[in-house]
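Asker: Supplied in structure tokens, the structure appears directly below.
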Amino acid sequence: MPSHDSTLEEIKDRIDIVDLISDYVQLKKAGQNWKGLCPFHAEKTPSFTVSPAKQIFHCFGCGSGGDIFTFLVRSENLSFPEALKILAKRAGVTLKTSQKEAAETGEKEPLFNMNKDAAWFFQQNLSKNSQAAGYLKGRGISDEVQKQFVLGYALNSWNALLNFLARKGYKPDMVKKAGLAVQGSKGVYDTFRDRIMFPIYDLKGDVIAFGGRAIDNTEPKYLNSPETPVFNKRRVLYGLNLAKDSVKDAGQVLLMEGYLDVITAHTFGFTNAVAPLGTACTQEHGKLIKRFAEEAIIVFDSDEAGNKAAKNAAGILLESGLHVKVLSIPGKDDPDSFLRKKGKEAFQALLARPLSIIEFFMLQKGDKRIIAREAIETISRTPDKILQGTYMKMLSEKLNVEERYVREEYQRIKKQHRAGHNSSVLP
Ligand SMILES: [Zn+2]
């Protein structure tokens with residue numbers, strides 16, 4: 001927003017960064033610049049530099065740097081809007097309401113920064129823990145893919161992350177706000193302990209949350225960040241930040257169930273794979289996919305729970321206007337185990353002949369009449385009338401009944417929906 005930017009510039013013009021930082025750090029003149037002990041990391045010789053010419057600060061020790069806003073956000077642990085209000089007051093600049101609103105978007109910045117630091121910390125820990133590193137190696141996840149997904153390890157400790165983040169200047173309250181720490185009766189402690197860590201990225205490349213997988217039999221097997229100001233799991237697909245170009249190129253997304261499915265798929269070259277995060281597929285997921293592709297292929301586990309989730313996802317994705325197909329994985333495998341056991345070519349062969357929605361439904365075990373109604377209920381959700389017609393024709397062929405019966409059933413289900421009933425479970 002230009003008016004917002006010009007206000008920021010005005011505030012920057014009116015506040016000298018050396019003045020501001022001198023309130024916090026003892027600065028000494030060193031040539032063109034000023035130097036002092038860094039407030040963001042522990043040091044004995046000054047590597048923290050302030051440039052009055054450029055109106056920025058930079059620390060050669062820890063790499064922190066920025067302008068007056070960055071400095072205040074970091075040193076007072078503020079959100080961007082809070083820092084903006086304080087500095088506007090100090091500069092004697094009045095903020096308009098719209099500018100205050102625009103500033104709200106900056107509230108997320110400190111959380112992104114802290115999550116990024118946490119991801120770095122987890123990544124460093126991975127090589128130090130042979131069990132964690134061995135686990136990933138044992139699953140055939142190469143160093144390259146580990147780096148690509150920024151995989152890490154949360155130490156088996158109650159406060160390793162809290163201590164690390166404290167040294168970087170983040171207060172426990174903020175760590176809690178990001179879901180990385182929990183308030184217990186005896187104090188604040190790390191949420192993730194002794195787990196393989198999967199940072200979750202948004203499409204801009206910011207770390208918005210984490211998933212943690214237990215290495216042993218600890219329950220829960222998977223632990224995700226809670227909802228935070230930057231994380232809404234209904235709107236995020238794991239791996240889409242890396243997959244989006246492939247999804248666009250292929251015109252197709254592979255929707256899987258878990259992180260490891262996605263990572264293994266990418267390892268084997270199926271770089272258009274993504275997964276929802278510990279949640280069923282949502283309409284927001286459907287809309288998100290629709291931005292990049294027209295077709296979604298559901299690749300879920302072949303067990304009963306997987307089939308149920310696939311049926312549910314199919315309806316939601318159809319509703320988003322996507323073309324939906326289902327990959328049926330033979331036996332009891334999930335995409336991850338299938339790929340590792342059978343390899344790339346076998347998976348490619350499956351991908352070459354995915355099931356249509358109708359074929360998928362008619363393969364389900366149970367009363368064919370109930371399944372047929374479920375199928376009709378599902379295909380009624382696509383806004384594409386031609387596609388709907390094609391599906392109804394296919395279904396009548398599969399059921400070996402005249403198409404008009406399928407259409408009548410479709411009308412009946414629609415009427416019931418309008419009346420607020422759900423017919424899909426009725427015989
Ligand atoms: Zn520093």
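The values are calculated or read from the model by the stated rules, or taken from the named source; none is laboratory data. As the structure is a prediction and not an experimental result, all values here were calculated from the model. Using ideal geometry, Cβ is built from the backbone for each residue, glycine included, and neighbour counts are taken over all protein chains shown. The protein model used for the area step is the full one, side chains on, heavy atoms only, and it has no ligands, DNA or RNA in it. Shrake-Rupley method; radii C 1.70, N 1.55, O 1.52, S 1.80 Å.
Asker: Enumerate the strands (runs of 3 or more DSSP E) found wholly within the range 189-260, keeping only those where 1 or more residues are under 28 Å from S302 (Cα atoms), open to solvent by less than 30 Å² (accessible area, probe 1.4 Å) and at pLDDT 95 or above.
Answerer: Values: elements: 195-201, 207-214, 222-224, 252-255.
Because the criterion is at least 1 residues that are under 28 Å from S302 (Cα atoms), open to solvent by less than 30 Å² (accessible area, probe 1.4 Å) and at pLDDT 95 or above, the strands (runs of 3 or more DSSP E) in the range 189-260 that meet it are 195-201, 207-214, 252-255.
Asker: Are any residues in the range 349-378 within 29 Å of the chain's Cα centre (by Cα) and among the hydrophobic types (A, V, I, L, M, F, W, C), and if so, which ones?
Answerer: Of all residues in the range 349-378, those within 29 Å of the chain's Cα centre (by Cα) come to 350-352, 354-357, 360, 378.
Those that are within 29 Å of the chain's Cα centre (by Cα) and among the hydrophobic types (A, V, I, L, M, F, W, C): L350, L351, A352, L355, I357, F360.
Asker: Name the residues in the range 372-398 that are open to solvent by 50 Å² or more (accessible area, probe 1.4 Å) and either assigned to a helix (DSSP H, G or I) or in contact with a Gly (Cβ under 6 Å, 6 or more places away or on another chain) (or both), would you?
Answerer: Going through the range 372-398, the residues open to solvent by 50 Å² or more (accessible area, probe 1.4 Å) turn out to be 381, 383-386, 390, 393-394, 397-398.
If the condition is that a residue be open to solvent by 50 Å² or more (accessible area, probe 1.4 Å) and either assigned to a helix (DSSP H, G or I) or in contact with a Gly (Cβ under 6 Å, 6 or more places away or on another chain) (or both), then R381, P383, K385, I386, T390, K393, M394, E397, K398 are the ones that fit.
Asker: Now for a different question. Of all residues in the range 316-341, how many are surrounded by 23 or more Cβ atoms within 10 Å (Cβ to Cβ) and in contact with a Lys or Arg (Cβ under 7 Å, 6 or more places away or on another chain)?
Answerer: Residues flagged as surrounded by 23 or more Cβ atoms within 10 Å (Cβ to Cβ) and in contact with a Lys or Arg (Cβ under 7 Å, 6 or more places away or on another chain) within the range 316-341 amount to 2.
Asker: Hey, could you check the range 40-52 for residues that are at pLDDT below 90 and surrounded by fewer than 20 Cβ atoms within 10 Å (Cβ to Cβ) and say which is nearest to the ligand (Cβ to nearest atom)?
Answerer: To start, the set of residues in the range 40-52 that are at pLDDT below 90 comprises 40-44.
Applying the additional criterion that residues be surrounded by fewer than 20 Cβ atoms within 10 Å (Cβ to Cβ) yields 41-44.
On the way: H41: 4, A42: 9, E43: 6, K44: 12 Å.
My answer is H41.
Asker: Enumerate the pairs (first residue in the range 197-222 and in the same structural domain as S130 (by TED's automatic domain parsing); second residue anywhere and among the acidic types (D, E)) with beta-carbon separation below 6 Å, excluding pairs fewer than 6 apart on the same chain, so at least 6 apart or on different chains.
Answerer: From the range 197-222, the pairs are I208/D202.
Asker: Check G278 against each of (1) buried (at least 24 other Cβ atoms within 10 Å of the Cβ); (2) under 15 Å from Y222 (Cα atoms) and name the one condition it does not meet.
Answerer: Tallying (1) buried (at least 24 other Cβ atoms within 10 Å of the Cβ); (2) under 15 Å from Y222 (Cα atoms), G278 fails exactly one: (1).
Asker: Moving to a separate point now. Residues to consider are F112, F149; find the one that is open to solvent by less than 30 Å² (accessible area, probe 1.4 Å), touching a His at 6+ places or on another chain (Cβ under 8 Å) and either under 18 Å from F40 (Cβ atoms) or modelled with pLDDT of 95 or more (or both). I'd like the intermediate steps shown before the answer.
Answerer: Working: F112 fails: touching a His at 6+ places or on another chain (Cβ under 8 Å).
From the options F112, F149, the qualifying one is F149.
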